Structures are given as C-alpha cells and as structure tokens.
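Here is the structure we will look at.
The values are calculated or read from the model by the stated rules, or taken from the named source; none is laboratory data. Remember, predicted model here, so these are calculated numbers, not experimental data. Cβ sites come from the backbone with ideal geometry, for glycine too, and all protein chains shown count toward neighbours.
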C-alpha cells in the first residue's frame with residue numbers, strides 16, 4: 001500500500017503532465033495552425049498576435065492552475081500552531097519580533 005506522500009506525488013505528477021500537455025498544445029499547436037489565419041489586426045497578422053501573446057497568457061494560466069491544484073491536493077496539517085492559513089500564534093518562537101518587543105529589549109540591555 002502506498003503512503004500518503006506517494007499518493008500526493010502521483011496526483012501532482014498527473015496534474016503536472018496534464019498542464020504540460022495543455023501548454024505544449026497552446027504553444028506549438030497555435031503556431032502551427034495559425035498560419036491559416038490571414039486576418040490583419042492593427043497592421044500585424046493575427047497569427048503573430050496569437051503566438052506572441054497567447055503563449056505567455058497560457059503559461060501564466062498554467063502556473064496559476066498548478067498552484068491552485070497543488071494547494072487543493074496538499075492537506076493542511078492538523079494540530080499545528082496557526083493551523084488556519086495565514087495565521088500565526090503569538091507564542092510561536094519562529095514568529096518575527098514586533099517593533100515594540102525590540103524596543104523593550106533595547107531598554108533592558110542598555
């Protein structure tokens with residue numbers, strides 16, 4: 001039986017593979033078939049705009065979907081301090097010291 005981390009790695013691999021296929025099709029598929037688009041937009045052929053701008057936009061969408069998908073796949077650890085995303089407990093030793101705590105320490109030492 002596979003462990004939870006192996007299952008997560010397998011799912012992440014499938015997500016990665018699917019998104020790479022989408023990116024490949026958008027990058028090379030549009031470039032191959034866009035030659036047939038002879039429409040001119042703002043003095044430039046439409047196939048130029050599709051390949052130049054569309055590839056970048058698809059890449060950004062792929063990155064955002066990948067981050068969203070892996071955040072959904074990765075379970076939140078239970079029982080840890082600040083278990084809610086983006087929260088931090090005051091008694092957490094790894095927390096950054098505040099400006100008031102730094103000024104209190106400076107007064108005590110000198």
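Scan the stretch 58-66 and tell me whether some residue there is over 15 Å from the mean Cα position of the chain (by Cα) and modelled with pLDDT of 80 or more. Lay out the reasoning, then the answer.
Filtering the stretch 58-66 for residues over 15 Å from the mean Cα position of the chain (by Cα) gives none.
No: the stretch 58-66 contains no residue that is over 15 Å from the mean Cα position of the chain (by Cα) and modelled with pLDDT of 80 or more.
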Worksheet item: Does the stretch 24-38 include one or more residues that are at pLDDT 85 or above, over 19 Å from the mean Cα position of the chain (by Cα) and surrounded by 11 or more Cβ atoms within 10 Å (Cβ to Cβ)?
Response: yes
Discussion item. Quick check on this structure: which one of 19, 8 is under 30 Å from residue 75 (Cα atoms) and modelled with pLDDT under 90?
Written reply: 8
